[in-house]
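> Structure below; questions to follow.
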Amino acid sequence: MAMNPKTKSRLIFCLKLVVTLVPAYFVYRNIVSAPDWEVGDLQELFSTKSILPFILALVFLAISNFTACLQWKLLLEKQNVHLKYGHLLKIFYVGLFFNNFMPGNVGGDVKKIYDIRMQGGQDSVGAGLTATFFDRLFGLFMVTVFALGMGLLFFRYDDAQRAFMWPSVWIFLGFCVLFAGLCSRRLGNLFCKILSKIPSEKFGVRMVRMFERFREFRSAKLWMQIIVLSALTQSIRIVAHYYCGIAVGVDLSISWYFYYIPLVAIVSALPISIGGFGPREFLAQSLFAKAGVPGLESVVIQLLAYFVSLVLSLFGAFAFLLGGKPKQDSSEA
């Protein structure tokens, strides 16, 4: 018996709410159970010296959005969707706004795909989906590379920290297999043969078409471009977290952020909670405790980074309210 779509949606939301609230409770309990903890400790984290680091975090995150949008533009162009960078940036910021204000953390991606479809017609739905999905995956892959690289450089001889390298190793290998499956002709053909046996013919056809679209990314030039842009984007975002830490008085080497934040980012990207809340703070609190950062500070760093993202996403709110139809890139049209 098929479940009512509305009931299914409510059930999924309730499960996400549980996944959000349970870790959040343990985060709160860990903070208030600390010796000599008082509510006034939260106010003492911020001072006039916090203003400059906060502004720097804002600037760095804003720059990362510009480079991330450029990467998305390159992927869309490979899917034969040509938009001017300025208009794409508006769509990108609207997506950020929806990510911050809609349940889950994929609402912004859905909105971006919808906006691409509105500009390019029905045929651009698959193109927008493929480019956006690949863009999200490659960003997570790059932060995994950072975590693995930092682990090998600074933490492989530290028994207390070495264990955290293994999740990065397995996630890295998983991404390599995934990208090989998406872009390799042989593996793609194998997957297509498997998918062709699915009873639902319509679903099988769509999946085969998706693999064909991913093969458009088989370009050495494109891979070099997105590797550089993704490395730049993700490193700048981690630096923004570093300045959020400075804003609350955490004196910690930036290498710790490059080691821990990628794992937090991957957990935050999973659509298992509301906006990433709960699991993100719980993992950050657990990880940064290994570096000697108190529970309150580690949580506030994440919340402050989220607040910085929230402030920047307000540009997307204005772009959404003002509307306006995107225009094709005249150089490519």
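The values are calculated or read from the model by the stated rules, or taken from the named source; none is laboratory data. Quick caveat, the model's predicted, so the values are computed rather than measured. Here Cβ is always computed from backbone atoms with ideal geometry, including for glycine, and neighbour counts include all displayed protein chains. What goes into the accessible areas is simple: the full protein's heavy atoms, side chains included, and nothing from ligands, DNA or RNA. Shrake-Rupley method; radii C 1.70, N 1.55, O 1.52, S 1.80 Å.
> Taking the residues in the stretch 195-214 that are modelled with pLDDT of 70 or more and loosely packed, with under 14 Cβ neighbours inside 10 Å as candidates, determine which candidate is farthest from residue 126 (Cα to Cα).
Filtering the stretch 195-214 for residues that are modelled with pLDDT of 70 or more and loosely packed, with under 14 Cβ neighbours inside 10 Å, the one farthest from residue 126 (Cα to Cα) comes out as 212.
Residues are listed down the side, and each one gets a yes or a no for (1) under 15 Å from residue 64 (Cα atoms); (2) modelled with pLDDT under 90; (3) open to solvent by less than 30 Å² (accessible area, probe 1.4 Å); (4) polar (S, T, N, Q):
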{"residue": "223", "(1), (2), (3), (4)": "no, no, no, no"}
{"residue": "230", "(1), (2), (3), (4)": "yes, no, yes, yes"}
{"residue": "242", "(1), (2), (3), (4)": "yes, no, no, no"}
{"residue": "245", "(1), (2), (3), (4)": "no, no, yes, no"}
{"residue": "248", "(1), (2), (3), (4)": "no, yes, yes, no"}
{"residue": "257", "(1), (2), (3), (4)": "no, no, yes, no"}
{"residue": "261", "(1), (2), (3), (4)": "no, no, yes, no"}
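> Whether any residue in the stretch 268-276 is over 15 Å from the mean Cα position of the chain (by Cα) and in a helix (DSSP H, G or I) is what I want to check.
We begin by selecting, within the stretch 268-276, every residue over 15 Å from the mean Cα position of the chain (by Cα); these are none.
For the stretch 268-276, residues over 15 Å from the mean Cα position of the chain (by Cα) and in a helix (DSSP H, G or I): absent.
> Okay, moving on. Look at residue 307 and say whether it is open to solvent by 70 Å² or more (accessible area, probe 1.4 Å), at pLDDT 85 or above, farther than 17 Å from residue 264 by Cβ and assigned to a helix (DSSP H, G or I).
Judged against the criteria, residue 307 is not a match.
> Considering only the stretch 113-135, I want to know if a residue exists there that is at pLDDT 90 or above and closer than 20 Å to residue 267 by Cβ.
Yes, some residue in the stretch 113-135 is at pLDDT 90 or above and closer than 20 Å to residue 267 by Cβ.
> So, one more: Of all residues in the stretch 115-143, which are closer than 17 Å to residue 223 by Cα and open to solvent by less than 60 Å² (accessible area, probe 1.4 Å)?
130, 131, 132, 134, 135, 137, 138, 139, 140, 141, 142, 143
> In the set 178, 187, which member is open to solvent by 50 Å² or more (accessible area, probe 1.4 Å) and either at pLDDT below 75 or on the phi > 0 side of the Ramachandran plot (or both)?
On the way: 178 fails: either at pLDDT below 75 or on the phi > 0 side of the Ramachandran plot (or both).
From the options 178, 187, the qualifying one is 187.
> Then there is this: What do you reckon, is residue 51 modelled with pLDDT of 85 or more, exposed (fewer than 15 other Cβ atoms within 10 Å of the Cβ) and in a helix (DSSP H, G or I)?
Considered against the rule, which asks whether it is modelled with pLDDT of 85 or more, exposed (fewer than 15 other Cβ atoms within 10 Å of the Cβ) and in a helix (DSSP H, G or I), residue 51 comes out as yes.
> Still on this structure, please answer the following. Just checking, does the stretch 279-302 include any residue being more than 25 Å from residue 169 (Cβ to Cβ), open to solvent by 30 Å² or more (accessible area, probe 1.4 Å) and among the aromatic types (Phe, Trp, Tyr)?
Within the stretch 279-302 (the criterion being more than 25 Å from residue 169 (Cβ to Cβ), open to solvent by 30 Å² or more (accessible area, probe 1.4 Å) and among the aromatic types (Phe, Trp, Tyr)), the answer is no, since none of the residues qualifies.
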